[in-house]
């Protein structure tokens, strides 16, 4: 029995939580079991809450400066967990990772420049460049026989032209939960560096490697990676503080750093709001025991989903993630069209998941399930899903 209680069921409805209070708008029903947007239903760690409460005891919330131990704490965490010795001048606050992608696009890319993404992948990787008027180039991941994925470097050579100026890397990968091997990252770095392509490495799930896997920061794998990359990370996924925007950028290359950080400074976009450093310091100084217990609980939830599907719903095949609390469900054996698959989960099972087509080409027939909830919630959800699948099977057999 651990120190922290992850079995506790917490009702988030009526708190303004996107996960619960946007169900009607996003899915057409407000009574669904929410297993979609990527935050956790566990209580935010008590040491983070206590640190915020201590600051709120002071009655003035005016302009602030960054605490002296803010960046040293971040640097220490990165080194101890990922073996990457980051220098202070490489770091700055950014007001969100998705926002950061848009900032890089506006700081570095012209209107005719293209952005490479590797689908199926987190949908803002497509939406943000398109919203900023840039063209998307797809370098789809290769699906292996066991359901895992690999980078397709042959295809990357084919699709990359002189207009490709940016590649957005999901590391670890969302939605498939891949912890990319060093040799893949190094090969990608050398390819992009040789062609003058900047790599944004979204590493927001870096502290959630599972089953003994170890995250490797992209910029750390070789000199070429350090010279062509902008890394984004945050404690928000790991410690369930997404509503307290606590993201930061790491840019080892002086030329990239001066241009990007100069742009951020000119637009006053790199000043951390009052609670972000406080939450970050508390999480990184006091959070290791909580993090370990949380990951152990997540692993148990994943195993429950995998075992349940194998036993009760064999037509749904979960891909066991190597990182994060997101499980990529292969539902193609159900033989349903996209709208039918969504209806199965929403209308018949009463579950809110992200549908695979959202994650661009290669996501068809998949659903993404967030398993960062109490086991009781997942047990009920899987029973609802089994009943829904059995119901459509009975209809087909008539």
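The values are calculated or read from the model by the stated rules, or taken from the named source; none is laboratory data. Small disclaimer: the values here were computed from a predicted structure and weren't measured. With ideal geometry, Cβ positions are generated from the backbone for all residues, glycine too; neighbour counts draw on all protein chains shown.
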Yes or no: residue 242 surrounded by 16 or more Cβ atoms within 10 Å (Cβ to Cβ) and farther than 30 Å from residue 165 by Cβ?
no
In region 45-80, which residues are in contact with a helix residue (DSSP H, G or I) (Cβ under 7 Å, 6 or more places away or on another chain), in a loop (DSSP other than H, G, I, E, B) and either farther than 27 Å from residue 268 by Cα or not assigned by TED's automatic domain parsing to the domain that holds residue 122 (or both)?
45
Got a sec? Which of 39, 30 is assigned by TED's automatic domain parsing to the domain that holds residue 348, under 19 Å from residue 203 (Cβ atoms) and touching a helix residue (DSSP H, G or I) at 6+ places or on another chain (Cβ under 7 Å)?
39
Top-ranked residue in region 127-167 [being in a strand (DSSP E or B) and within 23 Å of residue 370 (Cα to Cα); ranked as farthest from the chain's Cα centre (by Cα)]:
143
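For (1) in contact with a strand residue (DSSP E or B) (Cβ under 9 Å, 6 or more places away or on another chain); (2) farther than 19 Å from residue 242 by Cα, each residue gets a yes or a no:
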residue	(1), (2)
5	no, yes
11	no, no
23	yes, no
34	yes, no
53	no, no
68	no, yes
75	yes, yes
84	yes, yes
Given (1) under 25 Å from residue 37 (Cα atoms); (2) crowded, with 24+ Cβ neighbours inside 10 Å; (3) in contact with a strand residue (DSSP E or B) (Cβ under 7 Å, 6 or more places away or on another chain), where does residue 173 come up short, assuming only one miss?
(3)
Do you know which residues across region 101-126 are closer than 22 Å to residue 267 by Cβ and in a loop (DSSP other than H, G, I, E, B)?
109, 110, 111, 113
Quick check on region 176-190: of everything there that is in contact (Cβ under 8 Å) with a residue 60 or more places away in the chain and closer than 16 Å to residue 212 by Cα, which residue is surrounded by the fewest Cβ atoms within 10 Å (Cβ to Cβ)?
179
Listed by range, helices (runs of 4 or more DSSP H) wholly within region 223-287 having at least 3 residues that are over 30 Å from residue 193 (Cβ atoms) and either assigned by TED's automatic domain parsing to the domain that holds residue 101 or modelled with pLDDT under 95 (or both) are 275-286
In region 3-19, is there at least one residue being free of Cβ contacts under 8 Å to residues at least 40 places away in the same chain and on the phi > 0 side of the Ramachandran plot?
yes
